[in-house]
1. Please state the Cα pair-distance histogram of the stretch 191-424 with 10 angstrom bins from zero: what percent is in each bin?
2. Restricting to DSSP H runs of at least four residues, report the calculated mean residue ellipticity at 222 nm for the chain, -39500 (n - 2.57) per run over all residues, nearest 500 deg cm²/dmol.
3. Students often get this wrong, so try it: which of (1) 49; (2) 61; (3) 42 is percent of Cα pairs over 30 Å apart as calculated from the structure shown?
4. Mind checking which of 248, 141, 391 has the largest fluctuation in a GNM of the chain, springs on alpha carbons under 10 Å?
5. What is the order of 253, 79, 365, 34, fewest Cβ neighbours within 10 Å to most?
6. Between 301, 104, 78, where does the largest GNM mean-square fluctuation fall for the chain, given springs only between Cα atoms within less than 10 Å?
7. Please name which of 410, 304, 267 has its Cα lying farthest along the dipole of the stretch 191-424 towards the positive end, using unit charges on Cβ (Lys, Arg +1; Asp, Glu -1) and the Cα centre as origin.
8. Any chance you could check the Cα centroid distance between the stretch 344-388 and the stretch 81-115 for me, in angstrom?
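Just so it is clear, none of the values below were taken in a lab; they were calculated from the coordinates. As the structure is a prediction and not an experimental result, all values here were calculated from the model. Glycine gets a Cβ as well: all are built from the backbone with ideal geometry, and neighbour counts include every protein chain shown.
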Amino acid sequence: MNQYPNATRLLLCAGASLPFTVLAAESGFFEDATATLQARNYYFSRDFSDIVGPNRQSKAEEWAQGFILNFKSGYTPGTVGFGVDAIGLLGLKLDSSRDRVNSGLLPTLASGEAADDYSRVGAALKLRLSQTELKVGELQPNLPVLSFSDIRLLPPSYQGASLVSNEIAGLTLQAGHLNSTSLRNEAGDDKMLAMLGHLPQRAANSDAFNYAGADYAFNAKRTTASAWYGQLQDIYNQRFLGLKHSEPLGDWTLGANLGFYDAQEDGDRLLGAIDNQAFFSLLSAKHGGHTFYLGYQSMFGDSAFPRVFANVTPLGNEVPTFEFASADERSWQVRYDYDFAAMGVPGLVAGVRYIKGDNVDVQATNRGGPRYEGKDFERDLDIGYVVQSGPLKNVGVRLRNVTARSNYRSDIDENRLILSYTLSLF
């Protein structure tokens, strides 16, 4: 499956119409251009054998090979500089079957089987004036109200316009309008869906996500304060306030990441009433190769946490398996990471994490059924290594093992094995 979205075709035509003499002028358009090719081999297995309901599939297990080509130009000379960013994506099926689909690695066809391959090409025209940049076309924003969730074979993207301004030292202002999305396992683009907690809300969609926000770094850039607004038009709107701080203390470095979200239904209320407030805190202490974390997160209101499908969020206790963002949920996290560079083995890192949640209003979370207190927990083990030298330099391997249990949603046993290599073309 290979599809060129309308916005991409328009941008490619616009780029081609720019005079070649302008693009080739003595400027940074070519001189500052970069291009990388990443190869990503991804094995994903998620066993949820206790699942109940009409869909009795007990496992999602697939293996695929992906290629991600990224090109970023410099800018033409003049008061307003022009440039182009482009991305090419290709996913290839290595192993799958009808009873193991929907891992998020590959598209699932109408026949119930995974596609043999899928691909996408996208581009964005960019304009720079002083320290302000406008992009129109294929975008991959990473925002508190719309995180960049590159957690499968190929990354997702959006189509629209974004504006980033750094005219004032320490202050970054951003705004944008997105009209469609290409999901992590799709070639084409479509309207955007919402998620409430862990459940996709397929009864409604929107062709407009609007956002605006500010991040201000001060105190020698050790402290950052943030304020953001996001709107999935006619479904929900959301506000975010955040504070991050890092403080050296002798041989230790202490850190804090605090955030508060407030969301409600928007416009035509296509999914009905939405009422959610979310607070999270994640504290850290680093000494040598050791980093310790302690987190607390709490949901308030009558709804689970809303976000654009199928993104993760910057919530302190959210991980790619369980979100701990159901209605009224409270959760606690302990985590330990170790960087083996401290022992003379650079490139090797490992970590273990445990999160426990309770107080879930199951009836509000699942929008129906009996009311009782939901509880869940998750244990994650992660290890990764990137070769530092020799012919295999920059080859990386990551292994993740997960045990997640709940009394109101399916239990999950999960394994991921990811091999990656990034080649700098120029």
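1. Percent of Cα pairs in each bin: 7, 26, 31, 26, 9, 1.
2. Working: 4 runs with 25 residues, N = 426.
So the helix-based figure for the chain works out to -1500 deg cm²/dmol.
3. Here percent of Cα pairs over 30 Å apart agrees with entry (1).
4. Result for the chain, Cα springs under 10 Å: 391 fluctuates most.
5. On the way: 253 15, 79 7, 365 24, 34 12.
By the 10 Å Cβ count, ascending: 79, 34, 253, 365.
6. 78
7. 410
8. Taking the Cα centre of the stretch 81-115 as reference, the centre of the stretch 344-388 is 26 Å away.
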